[in-house]
Amino acid sequence: MKKNLFLFSLICFSFYAKSQEKIKSDSTKLLKELAENACECVDSIETYNTSKDVIAAGISACINKQAGTFQMGAKLMNIESAKEKAVAKDGKKQINISFESNENSPEYKKYYYVLERYLMNNCNSVKTKIASNEKQSSKSISNNAEAKDYFNKGQDEAQKENYQKAIDYFNKTVKIDPEFAFAWDNLGINYRKLNQYDKALESYKKSLEIDPNGTMPLQNIAVVYIYKKEYQNAIKAYEKLAEKDKTNPEIYYGLGNVYAMYLKDYEKGLDNLCKAYNLYIEQKSPYRTDAEKLINAVYAEMKKQGKEAKFNEILAANKINRN
């Protein structure tokens, strides 16, 4: 008798496990399908001469188009599991499924953030679009047709990851028009891709000479200093960028990354990462997920040091709820 009862329990457990596996598999398929739809939407976003906050808002709108469907689909997939737990009423089991359409509600955000994380890991367009910062000034572009032709060819080669060919074209561009700031920026990016950090710095600094208000070269200068392990110079570059735009989350993300990951000053790093996280949310930027990952990494280190209370204190000071 006991053997039969044990066998019945095993069969029930196996059925439940398979049922849960099926739900998980279907949910993953739904997530992938909706994320692909969102990715196609992101592909269509124009970035030329467009600010980051406008691009981020466009990406957020693409995710919002799919988040409601994802929420409802995921809940419907769990209906069989809900039946098991439902309370019988008048001989019938009652199942209530709630749907939250308020974009600011914790319930809605839960599904939105799952989609956002998936896109950040699987949709190249999200990172390339949000990384674009081609808002132009009077000296950003050239009126010379030949210079613009070489510039476009350089961009095409860069997209193919032919960085040396891209460098050759961008060098031809600035030879024809030395005042073409975007060309110097792109020259710097491609030198960095080939680990030619000093040449990258020269290119970014040249761009700043032409357009002192350019934020892209300042941000990239900080990144190059990180690669060169010149962390104090990277901090100075981020602080200089902050003088131009204190609402740029990349400043605080960069500072948080330097302090926490390289200088091991976890408290100062965490405070900056929290500031970046809040700005990313405010600006609806998917880079929120990158800040989230680093905050989790800092938590792991501070926990090892027995500083969980300090970690929670810094989060609370920045009005972030760990849950």
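The values are calculated or read from the model by the stated rules, or taken from the named source; none is laboratory data. Predicted, not measured: the structure shown is a model, and the values here were computed from it. Positions of Cβ are backbone-derived with ideal geometry, glycine not excepted, and every protein chain shown enters the neighbour counts.
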- [ ] State whether one or more residues within region 199-216 are touching a helix residue (DSSP H, G or I) at 6+ places or on another chain (Cβ under 6 Å) and among the basic types (Lys, Arg).
- [x] yes
Open item on the list: Of everything in region 53-73, what is crowded, with 22+ Cβ neighbours inside 10 Å and farther than 13 Å from residue 114 by Cβ? Give them in sequence order.
Closed with: 55, 56, 59, 62
Open item on the list: Checking the structure you have, find out if any residue of region 194-213 is at pLDDT below 95 and under 24 Å from the mean Cα position of the chain (by Cα).
Closed with: no
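Among 4, 37, 78, 104, which is the only one that is out of contact with any Lys or Arg (no Cβ under 7 Å at 6 or more places or on another chain) and at pLDDT 85 or above?
Just one listed residue meets the conditions, 37.
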- [ ] Give the residues of region 140-165 that are closer than 15 Å to residue 203 by Cβ and part of a loop (DSSP other than H, G, I, E, B), sorted by residue number.
- [x] 140
Open item on the list: Being surrounded by 20 or more Cβ atoms within 10 Å (Cβ to Cβ), aromatic (Phe, Trp, Tyr) and modelled with pLDDT of 95 or more is the filter here; which residues of region 247-300 pass it?
Closed with: 252, 253, 259, 266, 277
Task: Which listed residue is outside the structural domain of residue 110 (by TED's automatic domain parsing), free of Cβ contacts under 8 Å to residues at least 24 places away in the same chain and either of a type outside the set (A, V, I, L, M, F, W, C) or part of a loop (DSSP other than H, G, I, E, B) (or both), from 284, 310, 303, 275 - done: 303
Task: Some residue of region 236-246 being buried (at least 19 other Cβ atoms within 10 Å of the Cβ), closer than 30 Å to residue 180 by Cα, under 16 Å from the mean Cα position of the chain (by Cα) and assigned by TED's automatic domain parsing to the domain that holds residue 181 - done: no
Open item on the list: Of everything in region 313-323, what is without any contact (Cβ under 8 Å) to a residue 40 or more places away in the chain and either assigned to a loop (DSSP other than H, G, I, E, B) or of a type outside the set (D, E, K, R) (or both)? Give them in sequence order.
Closed with: 316, 321, 322, 323
Open item on the list: Looking at region 214-243, I want the residues that are closer than 16 Å to residue 197 by Cα and have a partner that is at pLDDT 95 or above and not in a helix (DSSP H, G or I) with Cβ atoms under 8 Å, at least 6 apart or on another chain. Which pairs are those?
Closed with: 227/195; 231/263
